[in-house]
Structure formats: structure tokens, C-alpha cells
1. List every residue pair whose Cβ atoms sit under 7 Å apart, with the two residues 6 or more apart in sequence or on different chains, where the first one lies in segment 82-94 and is on the phi < 0 side of the Ramachandran plot and the second, anywhere, is assigned to a loop (DSSP other than H, G, I, E, B) and loosely packed, with under 15 Cβ neighbours inside 10 Å.
2. So which residues in segment 55-66 are at pLDDT below 95 and exposed (fewer than 13 other Cβ atoms within 10 Å of the Cβ), if there are any at all?
3. With the requirement that a residue be surrounded by fewer than 16 Cβ atoms within 10 Å (Cβ to Cβ) and modelled with pLDDT of 95 or more, what does segment 16-49 give you?
């Protein structure tokens, strides 16, 4: 029962992340999980939990214990598999609204985001 409860909480958090990004004007959507194992095995959809943001692989995590390195490694592998240039992991901050979650990404990705923002400001 705990596994099911944790999974449901993780799926609800994924939905909240997508809603926060949508509220900020981004075309984010939560990934819909296959209902059957046979569908999951042959599933060729993108791996990211949050989809719709071009060039980005975004995963969400709801664990109390944060394995930042492991979560980011997984996102990088998923991004490579899906051919995405950038990746990030959104970690829930327990006791805080979803909009105050942490976002973890490689420093090079953060630098690219800052560079793009500076170029747009010119």
C-alpha cells in the first residue's frame, strides 16, 4: 500500500509541476503513464515526466530523501535517449507550495539558459 500511495503522490506532484509551468505561460504537460505492462514495454514515447517544452527533458521527484546526483544522472540519460539538449529535475520541497520546488540541472545547462536570456535582452 505504501508503494501505491507514494506513486500516487509522485504522479500528483508531476501534475502540479505541469500546472505551475502552464501558469507561467509554458506549454508543459504531464506524461501519461501506460496502464498495462505490455503497453509500457513497447512504449516509445519520450521519457521525461513533464513534456511539451522543446529541447528539454524534465523529470519530477517527490522523495523526502533527495539523491540529487542520482536524479540528475537519470535525467541526463533520459535526455540523451530522447535527443534533448537540456535536462532538469524538479524536486518537491515538502511543506511548501509546488511553485517553490527546487530545480536541479547541470551547470552547463544553467549557463546556456543565462546566455540565451542575455542574448534576448539585447
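The values are calculated or read from the model by the stated rules, or taken from the named source; none is laboratory data. If you're wondering where the values come from, they're calculated on a predicted model, not measured in any experiment. Here the Cβ positions follow ideal geometry from the backbone for every residue, glycine too, while neighbour counts run over all protein chains shown.
1. 84/55; 85/55; 86/55; 94/64
2. 64, 65, listed by residue number.
3. Initial filter on segment 16-49 (surrounded by fewer than 16 Cβ atoms within 10 Å (Cβ to Cβ)): 19, 22-27, 29, 32-45.
Selection gives 19, 22, 23, 24, 25, 26, 27, 29.
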